[in-house]
Amino acid sequence: QVQLVESGGGLVQVGGSLRLSCAASGLTFSNYYMGWFRQAPGKEREFVATVTRSGIMTYYGDSVKGRFTISIDNAKNTVYLQMNSLKPEDTAVYSCAAGRGAVGTGAAMYDYWGQGTQVTVSS
């Protein structure tokens, strides 16, 4: 059974940093590209970042470029999201996802999802 478990969310002040982790099990991690999405109350799910299987190529949503960094550790079956210079509009539930085939930024391209972790940025 595939499981993606996020951790690292919490409450942080504007301008602060958080690092989210997503531990994967039940799948061959190196066969999947990994992504992060977020959803704020009353808003649609938004693409945040994705990283290829090798970890070499990364893609980011426009709202987080230059502030967030996605990375993977294939030895630990874990993907990370380093979030810096956080803003109130970054407040959301952040979920990781795993996909096969071509790397994509659309949620429909991902096969497995975690439950999510709450990030709240206070002003």
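Among Val93, Val48, which is under 23 Å from Ser123 (Cβ atoms), in contact with a strand residue (DSSP E or B) (Cβ under 9 Å, 6 or more places away or on another chain), assigned to a strand (DSSP E or B) and open to solvent by 30 Å² or more (accessible area, probe 1.4 Å)? Before you say what the answer is, go through the steps one by one.
Working: Val48 fails: open to solvent by 30 Å² or more (accessible area, probe 1.4 Å).
Residue meeting the stated conditions: Val93.
Pairs, please: C-beta under 8 Å, at least 6 apart or cross-chain, first residue basic (Lys, Arg) and in region 68-96, second modelled with pLDDT of 95 or more?
So the pair list comes out as Lys76/Ala23; Lys87/Val14; Lys87/Val121.
Give Gly61, Gly26 a once-over and let me know the one that is more than 15 Å from Pro88 (Cα to Cα), under 15 Å from the mean Cα position of the chain (by Cα) and not charged (D, E, K, R).
Working: Gly26 fails: under 15 Å from the mean Cα position of the chain (by Cα).
Going through Gly61, Gly26 in turn, just one is more than 15 Å from Pro88 (Cα to Cα), under 15 Å from the mean Cα position of the chain (by Cα) and not charged (D, E, K, R): Gly61.
Quick one: which residue in Asn31, Asn77 is of a type in the set (S, T, N, Q) and either at pLDDT 95 or above or within 24 Å of Val14 (Cα to Cα) (or both)?
Working: Asn31 fails: either at pLDDT 95 or above or within 24 Å of Val14 (Cα to Cα) (or both).
Only one candidate qualifies: Asn77.
Just name the residue that is most open to solvent (accessible area, probe 1.4 Å) out of those in region 21-44 that are over 16 Å from Asn74 (Cα atoms) and assigned to a strand (DSSP E or B). Give the derivation first.
The initial filter retains those residues of region 21-44 that are over 16 Å from Asn74 (Cα atoms), namely 36-44.
Next, only the ones that are assigned to a strand (DSSP E or B) stay: 36-39.
Working: Trp36: 0, Phe37: 6, Arg38: 14, Gln39: 88 Å².
This residue is Gln39.
Could you tell me whether region 55-74 includes any residue that is at positive phi, surrounded by fewer than 21 Cβ atoms within 10 Å (Cβ to Cβ) and modelled with pLDDT of 95 or more?
Checking region 55-74: at least one residue is at positive phi, surrounded by fewer than 21 Cβ atoms within 10 Å (Cβ to Cβ) and modelled with pLDDT of 95 or more.
Can you tell me how many residues within region 51-81 are within 15 Å of Ser21 (Cβ to Cβ) and either among the basic types (Lys, Arg) or in a strand (DSSP E or B) (or both)?
12
The values are calculated or read from the model by the stated rules, or taken from the named source; none is laboratory data. Note that the structure is predicted; figures quoted are calculated from it, not measured. Cβ: placed from backbone, ideal geometry, glycine included. Neighbour counts: every protein chain shown. Please note that ligands, DNA and RNA were not included when accessible areas were found on the heavy atoms of the full protein model with its side chains. Shrake-Rupley method; radii C 1.70, N 1.55, O 1.52, S 1.80 Å.
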